[in-house]
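Right, one structure below, let's go through it.
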Amino acid sequence: MPLSNAEIARLVEDRRVHKRVYIDPEVFELEMERIWGQAWIYIGHESQVPKAGDYFTTNINHKVPVVMVRDKHGAVHVLHNRCGHKGAKLVEQRSGNARGAFRCAYHGWTFQHDGQVLKIPNETGYDNTGFDLKDSCNNMQKVAQSASYRGFVFATLSSDAPDLETWMGGAKDCFDNLCDRSPEGEVEVAGGVLRYEHDCNWKYIIENLNDTMHPMVVHQSVVQAAQDYIDTLPEEAVKQRSEAEIILPFGGSYENMEHMGITGFKYGHHYDGGKTSIHADYSVDPEYHKRMVAAYGEERTKEIYSFNTHNTLYYPSLTIKTAVQNIRVVRPVAVDKFVVETWSFRLKGAPDTMLQRTLLYSRLINSVGSMVGPDDLECYRRVQDGLHSDASEWVEMYRQFGRDEDLGDRVRGGGTSDLDMRTEYAAWRDYMLQEAFS
């Protein structure tokens, strides 16, 4: 018997979450249907498909393959990666160019880049059978909804979901800030992707992104090692010092983290920082600043710099860092496995030094061989193992409960609050009870 709504409702309370949410395969499968199958899920960026026929493939949840493709008119579509004939997956490569059309490797049906069936072999075999090639069921089907905001493409399998910008709410400001940090107001994918497999539940990483109670504990050793290294550098070693200093904010004090604050939104989105973040003290490249002022003027440039967030979560699939121009994309695989992808972005019109900083940050923090990411993964694994114990049924999220400030379209709390988890699990509960869009 599938989980009833009454059973689901009992798994999440205002201040705690039942351990089944992390370790029960039945709960996971229902999440894939009711959260990942209903929410807007990040697919990719338009710059990944710059020319007609260019495509990029991914999954919306753990099972539904889709392809993002640009057609000959310049429009970007998100289609089910499935032939309209026998249902075979059409595109196996992660990215490439479908010259002229998509062609099924099974029976040779071909499809235009907007999904329309183009031609089928030996068509006379269907004469007088009632088969209608023009019937839309023969096409590559479009997902229920897809949309792009400032080049970032999302899709949903739900026809009931609100439009993308409504779903983003006030968290949309962070996409604006990311793009406005370009002198041309646009970004593009650059530098490849870092893929990192985690043997644990997908929710740990999105909880951790704005958990400011862990860095000074989990990352203590690497922060101390970075500081020890900096102390050995001669004064003229500016480049080496600036690289090592990327690590130091991960050991910030509880007071600093509290000062940043956390802001939560409907549908589970949130960010920490705003007026300040762990990236706030990064030096500004003089040439970059010159180009920004030329594009926006001094006052607007300062406004752009001053909106400073650490991580912004678009629940459940995407987190972005506006100040260092990278994103992390969560792809669930099983109840105890997910893949996270880190993509870096070039600020159009900015000097190449800005992209180099972004790539350096990603290698130091987010890669498999990084100095920070493996610390977090070790903790995720320990939680995954520990929750199989019967010592307790619950995971708490009490910190600063009752102190959150309701501002109408958002809720704001202290930087060390569990507001981020409470925001996520309020959305989790709404999606799982199928009440998110009611």
### Message
Need one word for segment 338-416: rounded, prolate or oblate. Basis is the Cα gyration tensor (sqrt eigenvalues a ≥ b ≥ c); a/c below 1.5 gives rounded, then a/b vs b/c decides.
### Response
oblate
### Summary
Over the chain, cysteine residues that find no other Cys C-beta under 4.7 Å are Cys137, Cys174, Cys179, Cys200, Cys379
## Note on the structure
Shape call for segment 37-98, from the Cα gyration tensor axes a ≥ b ≥ c (a/c under 1.5 means rounded, otherwise prolate when a/b beats b/c, else oblate), comes out oblate
### Message
Counting only other residues whose beta carbon sits under 11 Å from that of Glu7, what net charge do I get with K and R as +1, D and E as -1?
### Response
0
### Message
Given axes a ≥ b ≥ c from the Cα gyration tensor, I'd like to know whether segment 65-157 is rounded (a/c under 1.5), prolate (a/b larger than b/c) or oblate.
### Response
prolate
### Query
Which GluC sites (Glu not before Pro) does segment 122-195 hold that lie in a coil by DSSP with at most 15 other beta carbons within 10 Å?
Glu184
### Task
Subtract the Cα-Cα distance of Ser306 and His388 from 0.36 nm times their separation in residues, and report this length gain in nm to one decimal.
25.1 nm
#### Entry: For His259, net neighbour charge (Lys/Arg +1, Asp/Glu -1) across residues whose Cβ lies under 14 Å away
-2
### Listed peptides 67-75, 309-317, 236-244, 425-433 by packing density, highest first (mean Cβ within 10 Å)
309-317, 425-433, 67-75, 236-244
### Query
Only one of the listed values, (i) 102, 61, 37; (ii) 82, 56, 40; (iii) 82, 50, 40, was derived from the coordinates as Cα extents along the principal axes in Å; which label is it?
(ii)
### Summary
Interchain or sequence-distant (5+) residues whose placed amide H lies within less than 5 Å of the amide H of Leu118 are Thr110, Phe111, Gln112
#### Entry: Per-residue HN-Hα couplings for segment 37-43 [Karplus 6.51, -1.76, 1.60; θ = phi - 60°; Hz; x = Gly/Pro]
x, 10, 5, 6, 10, 5, 9
### Peptides ranked, highest mean first, by Cβ atoms within 10 Å: ranges 192-200, 42-50
42-50, 192-200
### Query
Which of the trypsin sites (Lys or Arg not before Pro) found in segment 85-157 are in a DSSP loop and have at most 13 neighbouring Cβ atoms, other than their own, within 10 Å?
Lys86, Arg94, Arg99, Lys134
### Query
Considering amide H positions built from the backbone, and no H for Pro or chain starts, which residues 5 or more places from Asn81, or on another chain, come under 5 Å of its amide H?
Val66, Val67
### Message
Modelling each spin label as a point 7 Å along the Cα-to-Cβ direction, I'd like the Ala105/Ser253 distance in nm, to one decimal.
### Response
5.9
### Query
Considering amide H positions built from the backbone, and no H for Pro or chain starts, which residues 5 or more places from Gly274, or on another chain, come under 5 Å of its amide H?
Asn308, Thr309, His310
### Extension gain (nm, one decimal) between Lys51 and Lys89, 0.36 nm per residue minus Cα-Cα
11.4 nm
### Task
Using a 10 angstrom cutoff on alpha carbons, build the Gaussian network for the chain and name the most mobile of Cys174, Cys83, Cys379.
Cys379
### Message
Loop-only GluC sites (Glu not before Pro) in segment 343-438, please: DSSP not H, G, I, E or B, and at most 12 other Cβ atoms within 10 Å.
### Response
Glu393, Glu435
#### Entry: Backbone HN-Hα couplings from phi across segment 385-401 [Karplus 6.51/-1.76/1.60, Hz, Gly and Pro as x]
5, x, 6, 7, 6, 8, 4, 7, 8, 10, 10, 8, 9, 7, 3, 6, 4
### Task
For segment 262-268, take each phi angle, set θ = phi - 60°, evaluate the Karplus expression 6.51 cos²θ - 1.76 cosθ + 1.60, and give the result in whole Hz per residue in order, putting x for glycine and proline.
10, 10, x, 10, 4, 6, x
### Local electrostatic count, Phe154, Cβ distance below 11 Å [Lys/Arg +1, Asp/Glu -1]
-2
### Message
Between segment 238-255 and segment 120-151, how far is it from one alpha carbon centroid to the other, in angstrom?
### Response
54
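Every number here is computed from the coordinates shown, using simple stated rules; none is lab data. The structure presented is a predicted model; accordingly, all values stated were derived computationally and were not measured. Reconstructed Cβ throughout: ideal geometry from the backbone, glycine too, with neighbour counts over all protein chains shown.
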